[in-house]
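First comes the structure, then the notes that go with it.
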Amino acid sequence: MKKNKGFFISGTDTDVGKTIVSAVMVNKLDAFYWKPIQCGVDKLGFSDSDKIHNLLNLKKDRVFPERYFFKQAISPNLAAKKSGVRVSLDSLKFNFSKIRKPLIVEGAGGLLVPINNKHFVVDIIKVIGLPVILVARTSLGTINHTLLSLEALITRKQKVFGIIFVGKKNNIVLKTINDFSKKIDKQINILGRIPIYKKVNLKNIKKASNLIKI
């Protein structure tokens with residue numbers, strides 16, 4: 001990886017905390033943000049790009065527009081089919097020569113979420129060429145989900161920079177994942193844990209930034 005080129009933020013599941021971690025990394029690295037595929041919006045009509053822009057008070061040029069925007073909060077392949085669109089992997093390449101700061105790319109759902117009838121989210125990672133930061137829960141089920149996700153990445157020869165957990169303190173679970181992840185790839189590291197904040201604002205994003213070791 002070129003120095004400060006950025007990271008691809010993926011998760012072990014949907015709603016695991018990818019957008020919060022993306023906000024933390026954009027703040028920490030003074031980076032650009034890009035969500036290539038957006039499926040659905042929140043109750044207020046905001047996309048993940050909107051949330052990052054508003055939360056960090058970024059200039060418009062720091063958030064790149066989505067290549068594909070679907071109203072339905074479902075898998076990209078299904079959302080695209082409903083919209084009469086086909087997601088092209090080639091269209092998701094990024095020209096890094098036009099930016100001088102790191103780029104944080106947020107994936108859609110988990111790694112093996114289909115984006116068309118042939119490719120998965122993990123294939124986007126290969127096309128963009130950034131190392132992965134995997135976002136995982138600390139709650140029940142996370143050991144299996146996290147180790148499966150790591151195995152899927154390593155099997156496909158994708159560089160994993162590390163894991164960021166989101167949730168309550170659970171040292172036994174984190175140690176278990178750390179120990180067993182080394183059996184998949186010795187280079188995988190735990191980068192930190194972000195608590196679940198009652199209110200997600202810039203103050204708490206800055207607090208969370210200090211909890212992550214990059």
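Worth a mention:
- Selection status of Asn170, surrounded by fewer than 19 Cβ atoms within 10 Å (Cβ to Cβ) and more than 19 Å from the chain's Cα centre (by Cα): yes
- Residue, most open to solvent (accessible area, probe 1.4 Å), within the stretch 6-39, restricted to residues that are among the polar types (S, T, N, Q) and modelled with pLDDT of 95 or more: Asn27
- From the options Ile188, Ile196, residue that is open to solvent by less than 10 Å² (accessible area, probe 1.4 Å) and part of a loop (DSSP other than H, G, I, E, B): Ile188
- From the list Asp123, Asp42, Asp90, the one residue that fits, being in a helix (DSSP H, G or I), surrounded by fewer than 16 Cβ atoms within 10 Å (Cβ to Cβ), in contact with a helix residue (DSSP H, G or I) (Cβ under 9 Å, 6 or more places away or on another chain) and not polar (S, T, N, Q), is Asp90.
- The single condition among (1) within 30 Å of Leu89 (Cα to Cα); (2) assigned to a loop (DSSP other than H, G, I, E, B); (3) within 17 Å of the chain's Cα centre (by Cα); (4) not acidic (Asp, Glu) that Lys213 does not satisfy is (1).
- Filtered residues of the stretch 45-64 (kept if in a loop (DSSP other than H, G, I, E, B) and under 27 Å from Ala79 (Cα atoms)): Gly45, Phe46, Ser47
The values are calculated or read from the model by the stated rules, or taken from the named source; none is laboratory data. All figures in this text were calculated on a predicted structure; none of them were measured in a lab. Note that each Cβ is placed from the backbone with ideal geometry, even for glycine, and that neighbours are counted across all protein chains shown. Side chains included, ligands, DNA and RNA excluded: accessible areas come from the protein's heavy atoms. Shrake-Rupley method; radii C 1.70, N 1.55, O 1.52, S 1.80 Å.
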